[in-house]
Amino acid sequence: MISLKLSAPLIGLFSGGLLCLGLYGMSIEASPFLSTAGNSSDRLQSVATDPDVPFLSSKRALIVFEYDCRSLAFGLTTPPIVAADRPRLNEACYERALSLVKTAPGNARLWLTLAQFAAFLDKRDVAFQAIERSRSYGPWQYSLAIERTRLIATMPDAPPAIKAIADSDAQTLAASYRGREALAQIYVTEPERRNAIAMVIEMRPPNEQRHFVSRIQRTVR
C-alpha cells in the first residue's frame, strides 16, 4: 500500500510528460498544414524554403508529399503554381521523392511520382529507373498503370524496356472493367497510342471488346 501511494505522483508526472511529448509530436506533424494559408500552393512554397525538409519524419514527409508534391506533379495544385516558381518547386519535390523512396522503397506510387519529377527536370536515367520500380512494385494497380502509360507517352526517347512497360500496363488495364474505361479515354485523347491499345484489346474476349468499344462511343459523345 505504501509503495502505491509513493508511486502515484510519479505515475502522474510520467503520464503528463508523455502527453506533452505527444502533443508536441502532433504539432510537428501538422505544422505544414497549420502554418500556411491552407492550400497546396502555400504548403509547397513552405516545403521549398524549409531547411529541415531532408530531416522531416517519414510520416510528416509522406503526408506533405502525397497531398502537395503529387498535386504539383499532376497539375492539381490549388491555386495553380506560377510558372516562374515551378522549376524551384519541382526541384524541392524531386529531392523529397528521392528521400522518401529510400524510406519506403516498396511504394509504387512514390516511385512513379519520382519518375514524374525526374522527367520534368530532364533526369532521364532516374526517370526510367523509377518507372521500372513503380511497375515492379505496383503491376496491378490500374490508377498507376494509367499514369505510367501517359508519362511514357511523353518520352519518345524511352528505351525498349520502358516502352514494354507501357504495353504491359495496357494489358493490365484491358483485363478490368475500370481499366478498359481508362484505356478508352486514352484511346480517344492520345491518337499515337491507338494501334498499341487496339492490339491489346483484340486479345480480350468478345464481350470485353464490346465493352471497350461502348466506352469509346460514350467518351466521344
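Hey, can you tell me all the residues within region 120-146 that are under 13 Å from Ser168 (Cα atoms) and part of a helix (DSSP H, G or I)? Result: Ile131, Glu132, Ser134, Arg135, Ser136, Tyr142, Leu144, Ala145, Ile146. Summed over region 146-165, the residues that are under 16 Å from Thr189 (Cα atoms) and surrounded by 13 or more Cβ atoms within 10 Å (Cβ to Cβ) give a count of 8.
Exactly one residue out of Ser71, Ser46 is modelled with pLDDT under 70 and in a helix (DSSP H, G or I), and it is Ser46. Of all the criteria given as (1) part of a helix (DSSP H, G or I); (2) closer than 23 Å to Arg86 by Cβ; (3) not polar (S, T, N, Q), the one not satisfied by Asp157 is (1).
A Cβ distance below 7 Å, combined with a sequence gap of six or more or placement on separate chains, defines the contacts here; from region 170-192, residues that are assigned by TED's automatic domain parsing to the domain that holds Arg218 and outside any helix (DSSP H, G or I) reach residues that are of a type outside the set (D, E, K, R) and surrounded by 15 or more Cβ atoms within 10 Å (Cβ to Cβ) in the pairs Ser176/Tyr142; Glu190/Ala153. Under the condition of being within 11 Å of Phe128 (Cα to Cα) and in contact (Cβ under 8 Å) with a residue 24 or more places away in the chain, the residues counted in region 149-163 number 7.
The values are calculated or read from the model by the stated rules, or taken from the named source; none is laboratory data. As the structure is a prediction and not an experimental result, all values here were calculated from the model. All Cβ positions, even for glycine, are placed from backbone atoms using ideal geometry, and neighbour counts span all protein chains on display.
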